[in-house]
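Peer 1: Below is the structure I would like to discuss, written out as structure tokens.
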Amino acid sequence: MTKEKAKNNVRALALLSGGLDSMLAAKLILNQDIEVIGISFESPFFNAERARKAAKQLNIPLITWDITDDLIDVLKSPKHGFGRYFNPCIDCHALMVRKAMELLPSLQGDFIITGEVLYQRPKSQKIGGLMAVAKDSGAHDIILRPLSAQLLPQTKPEIEGLVDRNRLCDIQGRSRERQFALAHTLGINEFPMPAGGCLLTDISVTGRMRKIFQYWKDYIGRPFLQIAKAGRHFWVKDSFIVVSRNEQEGYDLGNLMSVWDYKVELTNVPGPTTIVRAKQRPDDDLLELAALLTARYSKARSNDAVEVMAENYLYKERKVFTVNPSMLEEKIRFMQAEQL
Ligand code: SF4
């Protein structure tokens, strides 16, 4: 990057979540005649759907990148810890910026922009959080936050004159009023409301994730996380049972099973698909609990006797249980099962 570089050759890579802040950040830079390429990341917890719509509205190209494997490493031991839920936001942002940095040379980009706003979030967007992202990602002074830039130290693209700092903003805090006003000024009329974009900030997913990362740390991959998101979860110590909530989920769970899992279904009538995941071969108590849950969430829930089969292909085992769904609560108490 040089001072002499013609303005119309300057190119920024924008982390685009598709939320309003990331759109405004990109638009502020576009308005300085700088080319912007969007990048959005995917994992079982967030996707690029909103970013696709945003890129279309901004009329910029978008690159999407699945970062599940890197994110799992972050979730195993986030340097800056978790937020209120299972959200390691500082480390996650640093990961995303690091991935953007990896792309920068091949895209001949000059700097990276994000929609971060100083003090908008209690931990990750304090000055220390923003500085940690810049340092841990390796981006240092080539990460620019256009919405809060005037409140932050000057970055390299500002110092070198690629970006006019005077045309950036000094927004801070949790209020969205200035962003809404700016959106109006910049002609951004369609944008999603904040929140809801990341399942790591969802309370029920958080409970499951804490268990999974406590007991199954060495086994986690994308399919494991897909299972963690699906169905109703019941945990007995380090084993868990997942009961599908609809036909599609049952089908998906069937595809996500490992060879060690037991599949549990009613023998004669349609009903949920249930899987049992345990580190050792599950005992009859655990399988019977799975059978009771499967029966309870089926249309046969009022019957006195429901036939349920548990099977495992690896062990070549099939067990049939005849259960009374009304006994479920007693079994849950006996097994000290926890619903998550
Ligand atoms: S909200 Fe989710 S996607 Fe966003 S930084 Fe935090 S953990 Fe990452």
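Peer 1: In units of 2.2 N^0.38 Å, what is the alpha-carbon radius of gyration of segment 135-238?
Peer 2: Ratio of Rg to 2.2 N^0.38 Å for segment 135-238: 1.62.
Peer 1: With θ set to phi - 60°, apply the Karplus curve 6.51 cos²θ - 1.76 cosθ + 1.60 along segment 153-169 and write out the HN-Hα couplings as whole Hz, x wherever there is a Gly or Pro.
Peer 2: My calculation for segment 153-169 gives x, 4, 9, 4, x, 6, 4, 7, x, 6, 10, 8, 4, 5, 9, 9, 10 Hz in order.
Peer 1: While we're looking at this one, here's another question. Test of understanding: extend the Cα→C-beta vector of K56 to 7 Å, then name every residue of segment 25-40 with backbone N under 19 Å from that spot.
Peer 2: 27, 37-40
Peer 1: Here is a follow-up. Using the 2.2 N^0.38 Å rule of thumb for compact globular proteins, work out how segment 28-137 stacks up: its C-alpha Rg over that value, please.
Peer 2: 1.09
Peer 1: Using only the alpha carbons of the chain, what is the convex hull's orientation-averaged projected area in square nanometres?
Peer 2: That works out to 19.1 nm², a quarter of the Cα hull's surface.
Peer 1: If you line up the long axis of helix 20-30 against the longest principal axis of the chain, both from Cα atoms, how many degrees apart are they, to the nearest 10?
Peer 2: The helix 20-30 is inclined about 30 degrees to the chain.
Peer 1: Taking only the alpha-carbon atoms of segment 230-339, what semi-axes of the equivalent ellipsoid follow from 5 times the gyration tensor eigenvalues under a square root, in whole Å, largest first?
Peer 2: Over the Cα atoms of segment 230-339, the semi-axes work out to 18, 16, 14 Å.
Peer 1: Taking all protein chains in place and a 1.4 Å probe, what share, in percent, of the accessible surface of the chain do carbon and sulfur account for?
Peer 2: On the chain, the fraction of accessible area on carbon and sulfur atoms equals 48 percent.
Peer 1: Another question about this same structure. With θ set to phi - 60°, apply the Karplus curve 6.51 cos²θ - 1.76 cosθ + 1.60 along segment 303-315 and write out the HN-Hα couplings as whole Hz, x wherever there is a Gly or Pro.
Peer 2: Those phi angles translate into 6, 7, 9, 10, 8, 10, 10, 10, 9, 9, 6, 5, 7 Hz.
Peer 1: Anything over 26 Å Cα to Cα? Flag those among K123/K279; K79/K211; K279/K319; K53/K76, in the order listed.
Peer 2: K123/K279; K53/K76
Peer 1: In segment 1-94, what trypsin sites (Lys or Arg not before Pro) fall in a loop by DSSP, with at most 12 other Cβ atoms inside 10 Å?
Peer 2: Filter output for segment 1-94: K3, K79, R84.
Peer 1: Write down the accessible area per residue of the chain in Å², having rolled a 1.4 Å probe over the full set of protein chains.
Peer 2: 49
The values are calculated or read from the model by the stated rules, or taken from the named source; none is laboratory data. No experiment lies behind these values; they were computed from the predicted model shown. When we count neighbours, we look across all protein chains shown, and the Cβ atoms used for this are built from the backbone with ideal geometry, even at glycine. Side chains are part of the model used for accessible areas, which takes the heavy atoms of the whole protein and leaves out ligands, DNA and RNA. Shrake-Rupley method; radii C 1.70, N 1.55, O 1.52, S 1.80 Å.
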